[in-house]
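The values are calculated or read from the model by the stated rules, or taken from the named source; none is laboratory data. Predicted model only: the values in this text are computed from it and were never measured. Cβ sites come from the backbone with ideal geometry, for glycine too, and all protein chains shown count toward neighbours. Accessible surface is based on the protein model in full, side chains and every heavy atom, while ligands, DNA and RNA are left aside. Shrake-Rupley method; radii C 1.70, N 1.55, O 1.52, S 1.80 Å.
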Amino acid sequence: MARQKALTLYRNIGIIAHIDAGKTTTTERVLYYTGKKHQIVDVHDTKDGKGSTTTDYLEQERKRGITIQSAAVSTEWKGYQINLIDTPGHVDFTIEVNRSLRVLDGAVVVFDGVAGVEPQTETNWRLADQYNVPRLCYVNKMDRIGANFEHSVKGIHERLGANVLLCQVPLGSHDEFIGMADLVAGVGYLWKGDDKDSPWDTVPLEEIAGRVKFSEAGDQQWVARLAELRQETVERALAMDDAAFEKLIETGEFDLDTLKRCIRKGCVSGKLVPVFCGSSYRNKGVQQLLDAVIDYLPYPGENGGIALVDEDGHVIGDQGVVDEAPARALAFKVINDQFGTLTFCRIYSGVIKKGDTLLNVTRGRKERVGRIVEVQANATREIDEVRAGDICAFVSMKETETGDSLTDPAHPALLERMRFPDPVISVSVEPKHRNDVDKLSAALYKMVKADPSLRLEVDKETGETVLKGMGELHLEVTIDRMRTELGVDANMGKPRVSFREAFGQQVQHTYTHKKQSGGSGQFAEVTMIFEPQPSGTGVVFSDEIVGGRVPREYIPAVEHAVTVESREGQVAGYEVVDFKARLIDGKFHDVDSSALAFEIATRQCFREAQRLSKPKLLEPVMRLEVVTEPDYLGDVIGDINRRRGNVSDQGQRGAQAFVQGFVPLAEMFGYINYLRSATRGRGTFTMEFDHYEEVPPGLVDKLMESEAR
């Protein structure tokens, strides 16, 4: 079957933002205005559990009024197919944004018009930079008290480093917000009401000043500067095309199509970031935002395809987004429930039909494509085939996990993998009923398979099952989802911090392994230097043997021993990170030496060397932002200092005050209870992992004691 719609008529986009900026509300309006649904459900109307928005359909999402997992929906706008993914804003679920951005061609970044750029916005922006995803900015909530468009735009430029291009400016703010001026089209849109079907007047830019009058001086200033702002936008956009810019300079003329083409060129290349505004809740600006998605964000493949890599992750080629090529797809999300497995995939090239067999190149296994579905949040529609540029889900794939490459078996290729964060917090998990041990193990395996930011381990000393994740909420939601989706109840232990260990100083050590008990014995001697390295280096092994002092066939055993032994340090049994292990000398015996003997010698050498190096215990330090009323700021700062934290910034955002800083995770358990009490329920906070830092020597025993409880 031939392609039904040209690739240029597709847009694969994500909506990303900090928590509570209005992503899901915007998505609901998009689905309404594109005719995909006929009733709007607001997020704050879902907490009674009786209804849900289209993309926040999980019980846990309805209860908390937040997005927990990314949800895909498809819709149409003016003949264009828009595949849209609504992503979470909470830091514990950054993995959902990560894997969505990996497969999307463009993104709409939503900002709260009062708060402006917030911590999770910065994290998401960095992820979009990492995956080279073009963006539009949408300053939402212009109807709220304290909304400040200028503050938001300044933050986008200064804190995110974006080359901002104003395509719209607001007309009014909070209760006087009536529309926006379109600096590209040269008109203003003035709404006649807040109803979802309310019409608007389209007014030439030069007539706006005579039609509106605002009480805020700042709002009036935007109106007074409209001609100047439009000229600036036009000049900066046309600078993307030499011929168009020269024509503007010489004649002062340009046409709208050329202007839009130049903005698109700048947006797709990442040189410009177009900025729009509105109020999704008040139904103003969403249709214009949809037009911008069509006009300025790229179609699949316009911004390049996906890198092909070797087994070590080195780029060896590029796969363009075309039908006339071997089938190649990337699995970016797996959902398990009582009905089976859904594997979400982005098709990068070729055509995949129902009944085809694909090779999972990552795992070396073949997978049969039984059913293909187009996903509408929690509903599905069966389709017969998918093509380059499509986002779909395959049903009941057994071996495929997040990040795996699926390709035509005759033309295997590894697609560039995603990078996932390491978990920073862990809890013990046990079944509520003794007979459910096997059911719990199967359920935990399914949850970990679906979410790469979760890890599952068994504590060697206690035999406990340990689940690791990105935060308290992340683990709490995982356990709750096992109950609602897989029918398994579990008890969760007290949260524990994932500490790390490091060498305190460079140390050279020799260890000789001798064992003689009749027959052939065991002999190996290694001399190694262990050097601390900068944070984030990982474990580096260096073979510096000369003259055959250690035979080549035993070197891999030495390297393997270093890798294995680094997983459990000598301070408190935590992983040892950021060091270089140099094998500089050794001895062997023609008869008694073996790979096993060298592995044993290396492991003992590692243990003794780490103890001799005055090892350090490292703890995760979190980046914290608290937003509250100014009256409570002093108490909040004092509490941060008591928790061994330090304040990096503080100030005002509208009527609210904020404080930013860094605090050890070990001091932050139950922080929400303190904050609610100290601010009478008016404070909110966000927290994300930033770096590891040495625990002060006097606190090591105290922290280990509290972890053991």
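Selection of segment 364-382 for residues being closer than 21 Å to L84 by Cβ and modelled with pLDDT under 90 yields V373, E374, V375, Q376, A377, N378, A379, T380, R381, E382. Mind counting the residues in segment 649-666 that are closer than 19 Å to L618 by Cβ, at pLDDT 90 or above and open to solvent by 20 Å² or more (accessible area, probe 1.4 Å)? Final tally of qualifying residues: 1. Only residues that are free of Cβ contacts under 8 Å to residues at least 40 places away in the same chain, of a type outside the set (S, T, Y) and open to solvent by 50 Å² or more (accessible area, probe 1.4 Å) were counted in segment 205-219, giving 7.
Selection of segment 156-171 for residues being more than 21 Å from S280 (Cα to Cα), open to solvent by 10 Å² or more (accessible area, probe 1.4 Å) and in contact with a strand residue (DSSP E or B) (Cβ under 9 Å, 6 or more places away or on another chain) yields H157, R159, L160, N163, V164. Among the residues of segment 150-181, the ones that are assigned to a strand (DSSP E or B) and either β-branched (V, I, T) or closer than 27 Å to N124 by Cα (or both) come to 7 in all. Among strands (runs of 3 or more DSSP E) entirely within segment 284-390, having at least 2 residues that are over 21 Å from T27 (Cα atoms) and charged (D, E, K, R) singles out 328-337, 365-368, 385-387. Scanning segment 310-358 for residues that are touching a residue at least 24 places away in the same chain (Cβ under 8 Å), more than 22 Å from the chain's Cα centre (by Cα) and under 29 Å from Y445 (Cα atoms) returns D310, E311, R328, D337, Q338, G340, T341, I352, K354, D356, T357, L358. Restricting to segment 306-356, and then to whatever is crowded, with 22+ Cβ neighbours inside 10 Å and among the aromatic types (F, W, Y), can you tell me which residue is modelled with the highest pLDDT? Among those residues, the one meeting the criterion is Y348.
For segment 531-586, the candidate set comprises residues that are open to solvent by 60 Å² or more (accessible area, probe 1.4 Å) and of a type in the set (A, V, I, L, M, F, W, C); within that set, the residue that is farthest from E599 (Cα to Cα) is V546. Among residues of segment 489-505 that are touching a residue at least 40 places away in the same chain (Cβ under 8 Å), those with a beta-carbon under 6 Å from a residue that is open to solvent by less than 60 Å² (accessible area, probe 1.4 Å) and polar (S, T, N, Q) at least six positions away or on a different chain give the pairs G493/S428; R496/S426; S498/S426; F503/S613; G504/S613; Q505/S613. For segment 469-522, the set of residues classified as modelled with pLDDT under 90, open to solvent by less than 30 Å² (accessible area, probe 1.4 Å) and of a type in the set (D, E) consists of D480, E485, listed by residue number.
No other residue among S613, S677 is open to solvent by 70 Å² or more (accessible area, probe 1.4 Å) and not aromatic (F, W, Y) apart from S677.
E485 falls short on exactly one of the conditions (1) among the charged types (D, E, K, R); (2) in a helix (DSSP H, G or I); (3) touching a Lys or Arg at 6+ places or on another chain (Cβ under 7 Å), and that condition is (3).
The sole residue among S426, S453 that is among the hydroxyl-bearing types (S, T, Y), touching a Gly at 6+ places or on another chain (Cβ under 9 Å), part of a strand (DSSP E or B) and surrounded by 15 or more Cβ atoms within 10 Å (Cβ to Cβ) is S426.
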